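Just below is one structure, and these are the notes that go with it.
Each value in this text was obtained by applying a stated rule to the coordinates, not by laboratory testing. Because the structure is a prediction, the values reported are computed rather than measured. Note that we place each Cβ from the backbone using ideal geometry, even for glycine, and neighbour counts take in every protein chain shown.
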Amino acid sequence: MITCKDIPQLANMHVDGELPEELQIQIERHLLQCQGCAFEVRSIEQTKSMLAESFPRQESPASYRERALARLQAGLSDVLSPPLEPADTQWALPFLRDQSA
Ligand SMILES: [Zn+2]
């Protein structure tokens, strides 16, 4: 008997068709009755088909993302590290506050 608890560990193999037919049928039966697990298995199916589509490409999404990120960080480095405040100002502030209190 398949329960919701079993689905996460079986879903991957189910999508790949690696389970015994009897188990596949039990899972299918559960998915018909359980929207939550059906959604989970469907999202695994979609992820797998997306991965399968992107594999034949010469440029993997990961390396493209890495290079895009590196470019972004290079472009933002000026913004991310603003010039430091003059030390005078930083130390003067608490000092001024003490005087006015
Ligand atoms: Zn379920």
Tally Lys/Arg at +1 and Asp/Glu at -1 over every other residue whose Cβ is under 15 Å from the Cβ of Ile2; what's the total? -3
Let a ≥ b ≥ c be the square roots of the eigenvalues of the Cα gyration tensor of region 1-68; is it rounded (a/c under 1.5), or, if not, prolate (a/b larger than b/c) or oblate? prolate
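What ranking, highest mean first, results for peptides 47-53, 21-27 when packing means the other Cβ atoms within 10 Å averaged over each residue? All intermediate terms of the calculation are to be shown ahead of the outcome.
On the way: 47-53: 10.6, 21-27: 13.7.
Going by the mean number of other Cβ atoms within 10 Å, highest first, we get 21-27, 47-53.
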With x for Gly and Pro, the residue-by-residue ³J(HN,Hα) of region 37-51, computed from phi through the Karplus equation 6.51 cos²θ - 1.76 cosθ + 1.60 at θ = phi - 60° and given in whole Hz, is 6, 4, 5, 4, 5, 5, 5, 5, 4, 5, 4, 5, 6, 5, 5
Just how large is the dipole of region 7-54 about the Cα centre, in debye to the nearest 20, putting +1 at every Lys and Arg Cβ and -1 at every Asp and Glu Cβ? 180
